[in-house]
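Asks: Just passing along the structure, written as structure tokens.
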Amino acid sequence: MAYKSKFMVWLEGQSELMCIDIENSYTKIKIILEQYKAFSWTNNTGVNLLNIDDYDIYEQVYGEDRFSFLIGYLSNDDMRSFRVRLKTAVQTKEFSELIQAAVRKVKEYPKMGEEYYKILDMKYLNYFDYNEDDILEQLEIERSTYYRKKKEAMYLLGYVLFGFTIPTYIIKTNSA
């Protein structure tokens, strides 16, 4: 039987109390984090194309916002496609914000939160592509410690995202 740190024993107990399948949430977080940089870049690039300030200036000059002007030229099929794409972009942005909120919560975790955050940030979230040796050097930790803490950080992130952040978002969305 593999050794479990006190943290992992505690987290497993908390997950069980909240009816969270800790292994399932870990698997999901692993997939999300492995795709996060590409996902985040794509989302930010697409959303930044819709620069609101540009539309406000256009409205002041031409008396009509450019967005409405351009949409007026779309066919019904193009309009349906545009609505689907816009809805997807909004949902993607919201999901990215949920992940970022969960990561901030991990950072606030007493004792190891800051270190967990740094590992997640350097490995998965930061635009700069740190390799493992860079991370070990920056954090001044051994390789085995890095792997253990990375795994704990991912479990904690899964616990926070699926146990608190997403349920809170759903409650707020349903009550609005």
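Asks: Hey, if you put +1 on the Cβ of every Lys and Arg and -1 on every Asp and Glu Cβ in the range 84-147, which of L139, Y117, I99 ends up farthest toward the positive end of that dipole?
Replies: Towards the positive end, the residue furthest out is I99.
Asks: About its Cα centre, how strong a charge dipole does the range 92-176 have in debye, to the nearest 20, once Lys and Arg get +1 and Asp and Glu get -1 at the Cβ?
Replies: 480 debye
Asks: To continue, here is another question. Could you tell me the relative contact order of the range 99-142? Use alpha-carbon pairs under 8 Å, at least six residues apart, and round to a whole percent.
Replies: After rounding, I find 20 percent.
Asks: Moving on to the next point. Evaluate the distance, in nm, between pseudo-label points positioned 7 Å from the Cα of T145 and of D129 along their respective Cα→Cβ axes.
Replies: That separation, rounded to one decimal, is 2.8 nm.
Asks: Let me ask something else about it. Determine, from the Cβ-Cβ distance of Q100 and M79 and an R0 of 35 Å, the FRET efficiency 1/(1 + (r/R0)^6), rounded to the nearest 0.05.
Replies: Taking R0 as 35 Å, the efficiency between Q100 and M79 is 0.65.
Asks: Okay, moving on. Could you name the lysines whose alpha carbon sits less than 21 Å from that of K118, not counting residues in the same chain fewer than 8 places away?
Replies: K6, K28, K30, K37, K105, K107, K149, K150, K151
Any read-out appearing in this document is the output of simple, stated calculations on the displayed coordinates, not a laboratory observation. Keep in mind it's a predicted model, so treat the numbers as computed, not measured. Ideal geometry is used to build each Cβ from the backbone, glycine not excepted, and the neighbour counts take in all protein chains shown.
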